[in-house]
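Chemist: Here you go, one structure.
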Amino acid sequence: MPDPRFFQSKGPFSLENLAAIANAEISEDGDHSRLFRDVASLDEAGPDDISFLDNPRYIEQFGKSKAGAAIVHPDRAKQAPSGMSLLLTPTPYLAYALIARAFHPEEENFSGIDGSAVIHPTAIVGEGCSIGPGVVIETAAEIGSGTRIGANSVIGTGVVIGEKCRIGALCSVAYCLMGNRVQLYAGARIGEAGFGFAVSNKGFITVPQLGRVVIEDDVEIGANTTIDRGTGPDTIIGAGCRIDNLVQIGHNVRLGKGCIIVAQTGISGSTVLEDQVVLGGQVGIAGHLTIGRGAQLGAQSGVMNDLPAGKRYAGSPAIPARQWFRQLAWVKKMSKQKAGADG
């Protein structure tokens, strides 16, 4: 369960309150007035905690759990242990997210501007901003109201950051126009020069990177992720994208709205991901490609060609997922036959 040294619960909440928060139904034998103090995992929860079951792998834990209540799909209700109250919903994980946010809302405390921050006189800092120790805000930068900037982050010249953004510690943001409610986790690097050079008889000649990074509203960018600015056209991150830790996005890349990029993925320059593309961990995408709307790529896929919309892919080079799994099964079958013949 959450460690109170780091996570202060806003509970207790009654089961009836939690049902309203999650838009869930209370089971027939559920105690509407019973109070719950926090959320917890199935194996750690006690009588004052509420937990959830979403993944069927944890059905055994669910049956043994001591949680006072749990959020479950109606089809799983009969597998609950005796005495457990249930919140019934077809989307248990979403319901859990809403309830966990009620117990542990994002802190909005205004802490002002730390005395060690260095803010250029031409910079504009909106009302209600929190600027942490050692932060540097350079010439003509604009920080929207209600934004928080963590310790030792650097906001470059001319950067525009929207309202209610959250910039973690040790981030650097340069050549960037950022929308509202964007969150950068610690160590993110936004707007560094892209990997662009020409070859001459005397060696490599760096090509000036004269574009920007444009980040639209409600984007999250994970710890130590890097997004390069464009060479002339901009690098664009569409509204609502979720980008995990340790992702590299090259210059001129364009992400559509609502894309999901999982850790250690690399997207080469000038590639376009249309809306709602999903990339698993360690996917690698070559440059100047287009990945169609809603396409999904399995972990460690290698993409060397354009991919049409709405399909699932796996492997390297990436091919339709069903085809890849058939090939994998065939290879396993052949290897067993070869081993038998050699034995």
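Chemist: Would you mind stating whether residue 170 is in a strand (DSSP E or B) and of a type in the set (A, V, I, L, M, F, W, C)? Step through it out loud before you land on a result.
Modeler: Values: in a strand (DSSP E or B): no; of a type in the set (A, V, I, L, M, F, W, C): yes.
The answer is no for residue 170.
Chemist: Out of all the residues in region 251-269, is one or more among the aliphatic types (A, V, I, L, M) and more than 19 Å from the chain's Cα centre (by Cα)?
Modeler: Checked region 251-269: no residue is among the aliphatic types (A, V, I, L, M) and more than 19 Å from the chain's Cα centre (by Cα).
Chemist: Quick one: would you say residue 161 is closer than 19 Å to residue 238 by Cα, touching a residue at least 12 places away in the same chain (Cβ under 8 Å), buried (at least 20 other Cβ atoms within 10 Å of the Cβ) and in contact with a Leu (Cβ under 8 Å, 6 or more places away or on another chain)?
Modeler: Answer is no for this residue.
Chemist: Output the residues belonging to region 178-201 that are aliphatic (A, V, I, L, M) and either surrounded by fewer than 17 Cβ atoms within 10 Å (Cβ to Cβ) or over 13 Å from residue 213 (Cβ atoms) (or both).
Modeler: Hits for region 178-201 are 186, 193, 198, 199.
Chemist: Let me ask another. Can you name every residue in region 60-96 that is in a strand (DSSP E or B) and under 17 Å from residue 43 (Cβ atoms)?
Modeler: Correct list: 69, 70, 71, 72.
Chemist: Conditions first: (1) surrounded by 12 or more Cβ atoms within 10 Å (Cβ to Cβ); (2) at pLDDT 95 or above. Residue 2 passes all but one, so which condition is the exception?
Modeler: In the conditions (1) surrounded by 12 or more Cβ atoms within 10 Å (Cβ to Cβ); (2) at pLDDT 95 or above, residue 2 misses (2) alone.
Chemist: Of the numbered conditions (1) without any contact (Cβ under 8 Å) to a residue 24 or more places away in the chain; (2) part of a loop (DSSP other than H, G, I, E, B); (3) surrounded by 21 or more Cβ atoms within 10 Å (Cβ to Cβ), residue 288 satisfies every one except a single condition; which is it?
Modeler: In the conditions (1) without any contact (Cβ under 8 Å) to a residue 24 or more places away in the chain; (2) part of a loop (DSSP other than H, G, I, E, B); (3) surrounded by 21 or more Cβ atoms within 10 Å (Cβ to Cβ), residue 288 misses (3) alone.
Chemist: Between residues in region 295-307 that are of a type in the set (D, E, K, R) and residues that are part of a loop (DSSP other than H, G, I, E, B) and surrounded by fewer than 18 Cβ atoms within 10 Å (Cβ to Cβ), which pairs lie under 7 Å by C-beta distance while being six or more apart or on different chains?
Modeler: Hits for this filter: 306/289.
Chemist: Report whether or not residue 199 is within 14 Å of residue 227 (Cα to Cα), in a strand (DSSP E or B) and not aromatic (Phe, Trp, Tyr).
Modeler: No, not satisfied.
Chemist: Find the residue count for region 1-45, including only residues that are outside any strand (DSSP E or B), free of Cβ contacts under 8 Å to residues at least 40 places away in the same chain and closer than 21 Å to residue 82 by Cβ.
Modeler: 6
Chemist: Tell me the residue from 127, 138 that is charged (D, E, K, R), surrounded by fewer than 14 Cβ atoms within 10 Å (Cβ to Cβ) and either touching a residue at least 40 places away in the same chain (Cβ under 8 Å) or more than 21 Å from residue 17 (Cα to Cα) (or both), please.
Modeler: None of the others qualify; the one that does is 127.
Chemist: Right, next: Determine if region 224-245 includes at least one residue that is in a loop (DSSP other than H, G, I, E, B), among the charged types (D, E, K, R), touching a strand residue (DSSP E or B) at 6+ places or on another chain (Cβ under 8 Å) and farther than 17 Å from residue 174 by Cα.
Modeler: yes
Chemist: Is it the case, given these coordinates, that residue 57 is in a loop (DSSP other than H, G, I, E, B) and surrounded by fewer than 16 Cβ atoms within 10 Å (Cβ to Cβ)? Explain how you work it out, then say what you get.
Modeler: Numbers: in a loop (DSSP other than H, G, I, E, B): no; surrounded by fewer than 16 Cβ atoms within 10 Å (Cβ to Cβ): yes.
Answer is no for this residue.
Chemist: Name the single residue that is nearest to residue 177 (Cα to Cα) among those in region 202-223 being assigned to a strand (DSSP E or B) and over 18 Å from the mean Cα position of the chain (by Cα).
Modeler: It comes out as 213.
Chemist: Name every residue in region 190-225 that is in contact (Cβ under 8 Å) with a residue 12 or more places away in the chain and among the hydrophobic types (A, V, I, L, M, F, W, C), in order of residue number.
Modeler: If the condition is that a residue be in contact (Cβ under 8 Å) with a residue 12 or more places away in the chain and among the hydrophobic types (A, V, I, L, M, F, W, C), then 190, 193, 195, 207, 210, 213, 214, 215, 219, 221, 223 are the ones that fit.
The values are calculated or read from the model by the stated rules, or taken from the named source; none is laboratory data. As the structure is a computational prediction, the values presented were derived from the model and not from experiment. Backbone-built Cβ (ideal geometry, glycine too); neighbour counts: all protein chains shown.
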